[in-house]
1. Report, to one decimal in Å, the Kirkwood hydrodynamic radius for the stretch 218-313 based on all distinct Cα pairs.
2. Length gain on complete extension for the stretch residue 183 to residue 23, per 0.36 nm per residue less the alpha carbon to alpha carbon distance?
3. Per 0.36 nm of contour for each residue apart, how much would the distance between residue 118 and residue 225 grow if the chain were fully extended, relative to their Cα-Cα spacing?
4. Need one number: nm distance between label points at residue 291 and residue 137, each 7 Å from Cα along Cα→Cβ, rounded to one decimal.
5. Given the chain, what whole percent of its Cα pairs are spread farther than 25 Å?
6. Report, in degrees rounded to the nearest 10, the 0 to 90 angle that the Cα long axis of helix 55-66 makes with the longest principal axis of the chain.
7. Which angle between 0 and 90 degrees, to the nearest 10, do you get for helix 29-40 versus the longest principal axis of the chain when only C-alpha atoms count?
8. Using the alpha-carbon atoms, what tilt in degrees (0 to 90, nearest 10) does helix 225-240 show relative to the longest principal axis of the chain?
């Protein structure tokens with residue numbers, strides 16, 4: 001039986017989840033869709049935007065719809081690693097130490113304004129995001145399964161922010177931007193009920209167990225050899241381009257494959273087509289490419305679009321199994 005027939009009900013629930021989020025965070029359905037794609041692919045998401053456009057609201061709504069264990073950490077300049085991962089405390093007689101878990105021990109973590117804290121505290125997030133574990137006093141503690149970081153950051157041009165280390169940026173599968181709403185969407189927002197109260201009223205759309213079952217089918221989505229070659233060829237262009245100091249790494253290609261498969265699955269297919277790869281390319285590439293000169297987000301997106309025109313898109317062939 002084709003994969004999408006086995007998982008049809010769960011895929012339908014995911015689309016209901018996206019529609020539910022869209023009723024709260026009006027006009028940002030594609031951002032929600034790409035967030036779900038990243039989570040299906042097992043990745044973290046970084047939302048970069050100015051304050052007040054709905055980043056935190058969107059993340060809270062997704063957590064409520066999935067009924068996930070959820071925590072929010074407000075990143076500040078005085079935040080220290082133990083505020084995130086936890087700390088050891090002695091027992092009554094002082095002979096043993098017990099580990100007190102920090103807020104990172106949740107299935108979905110909202111890291112709010114993550115670039116407002118110091119590099120030392122940023123480093124505490126790196127092991128968690130890459131290894132799904134934290135280490136304290138030589139002892140390793142596994143994080144919940146699943147574990148997703150949905151982080152927000154203000155643009156680095158704003159005062160009081162620190163640029164995230166490249167190694168940490170690379171752990172985010174996608175970088176997304178919500179942006180200002182359109183005029184009619186903003187009017188709808190003003191006329192709508194209080195959004196925070198509406199989130200509290202929401203019932204879960206699907207269980208996290210259902211989501212995990214669907215996530216576990218992503219590696220089974222079929223990809224033709226010529227599409228694998230297309231992913232690698234696109235990355236190769238970034239590694240040799242004179243305007244780029246640091247191109248897409250092999251890990252970036254692995255993320256491209258996983259997210260293209262997840263995009264296909266959410267679209268109701270058990271095979272990848274070229275559109276799936278092109279749809280995830282900008283959010284996957286924009287925070288990984290390091291340019292010789294500073295470029296705005298719009299200029300980076302335009303550059304990525306031009307990059308895709310340098311290669312022939314694979315023709316519609318035997319993409320199905």
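Every number in this text was worked out from the coordinates using simple rules, so none of it is lab data. Since the model is a prediction, treat every value here as computed from it, not as a measurement. FYI the Cβ positions are ideal-geometry reconstructions off the backbone, even for glycines, and counts take in every protein chain you see.
1. Radius from the Kirkwood sum: 13.6 Å.
2. 56.0 nm
3. Computed gain between residue 118 and residue 225 is 34.2 nm.
4. About 4.9 nm separates the two model spin labels.
5. Tail of the P(r) past 25 Å holds 54 percent of the pairs.
6. Once rounded, the angle reads 90 degrees.
7. The two axes meet at around 70 degrees.
8. Orientation of helix 225-240: about 70 degrees from the principal axis.
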